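Shown next, in structure tokens, is the structure this report addresses.
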Amino acid sequence: LEVKPIDLSAEPAAQIKSLKTSLDAARQDEVHLFSPAWFARADASATEAATARAQGGEIGTMLKAVARGNAELTQAKRFAGIARKELSEPYQARKDAISAGAADLYADDFVSAERGFRGLTEDIEGENLSSARKDSKNVIQTYRDLESRAIKQHTLGEARRLNDLAERAGAKRYAPRTLKEAEDSLVATDTFITKNPKATHEIQTMAGDTLRRAQHLQIVLQQV
């Protein structure tokens, strides 16, 4: 690790604040996700410097910790840049699973998937790209499975609830055609997800359309 020393004439408080600001910005840019080990080291160095200052420690100790933290954060950003390119597909699968509500609906399974993603980033940080590329397929599939399950339970579950609510409110009598379209869409999407769990784009499109039809049924019923 190439650590650039900070001159002892520098103000420790300002240097610590600067490092923390850089860490916050990096966290916003998800550097902690793509290079967790190096980011954690940089964060620990910042904490060490802040603790030394709070306890009235030596200026040299504080500045040394800040300098080390700056170098560690630089490393984190470097590896994060590599990981963004190498892990673009797993990352997108992760985002889609989160958007579908998988993190809340299947917390334990999602944590397991996160461990898999973390393993990929550790391979990147260990400069073992071949292993990261090999294992990424399993991680992608894990997130996609969670996404499909979440869509079935969350999006289709909401559509099913709305359809049932409309039926109890007299949709068969007042809006039979719209009710049938909503129910047919629900069945078709549910069946498609079961048979084509890897067709993520089509699943998202069909699920969104099914929910919109269920919501439209509510509007039609109210107008009638």
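Here are a few things to note about the model shown:
- Taken over the stretch 81-100, the residue count meeting the criterion of being of a type outside the set (Asp, Glu) and surrounded by fewer than 19 Cβ atoms within 10 Å (Cβ to Cβ) is 9.
- When residue 189 is tested against the conditions (1) open to solvent by less than 50 Å² (accessible area, probe 1.4 Å); (2) free of Cβ contacts under 8 Å to residues at least 40 places away in the same chain; (3) over 30 Å from residue 220 (Cα atoms); (4) of a type in the set (Ser, Thr, Tyr), the lone failure is (3).
- Scan of the stretch 33-46 for residues that are within 18 Å of residue 1 (Cβ to Cβ) and not basic (Lys, Arg), ordered by number: 35, 36, 37, 38, 39, 40, 42, 43, 44, 45, 46
- Near pairs, Cβ below 8 angstrom, 6+ apart or cross-chain, from the stretch 1-30 (closer than 20 Å to residue 125 by Cα) to any residue that is surrounded by 12 or more Cβ atoms within 10 Å (Cβ to Cβ) and of a type in the set (Phe, Trp, Tyr): 23/39; 26/39; 27/39
- Of all residues in the stretch 72-117, those satisfying the criterion of being of a type in the set (Phe, Trp, Tyr) and within 26 Å of residue 202 (Cα to Cα) are 91, 106, 110, 117.
Per-residue answers, yes or no, for (1) of a type in the set (A, V, I, L, M, F, W, C); (2) under 11 Å from the mean Cα position of the chain (by Cα); (3) over 28 Å from residue 75 (Cα atoms); (4) open to solvent by less than 60 Å² (accessible area, probe 1.4 Å):
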position: 109; (1), (2), (3), (4): no, no, yes, no
position: 117; (1), (2), (3), (4): yes, yes, no, yes
position: 123; (1), (2), (3), (4): no, no, no, yes
position: 126; (1), (2), (3), (4): no, no, no, yes
position: 138; (1), (2), (3), (4): no, no, no, no
position: 145; (1), (2), (3), (4): no, no, yes, no
position: 154; (1), (2), (3), (4): no, no, yes, no
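- Just one of (1) touching a residue at least 40 places away in the same chain (Cβ under 8 Å); (2) closer than 19 Å to residue 104 by Cβ fails for residue 133. It is (2).
The values are calculated or read from the model by the stated rules, or taken from the named source; none is laboratory data. What you see is a predicted model; the values in this text were computed from it and never measured. Glycine gets a Cβ as well: all are built from the backbone with ideal geometry, and neighbour counts include every protein chain shown. Surface areas here come from the heavy atoms of the whole protein model, side chains and all, with no ligands, DNA or RNA. Shrake-Rupley method; radii C 1.70, N 1.55, O 1.52, S 1.80 Å.
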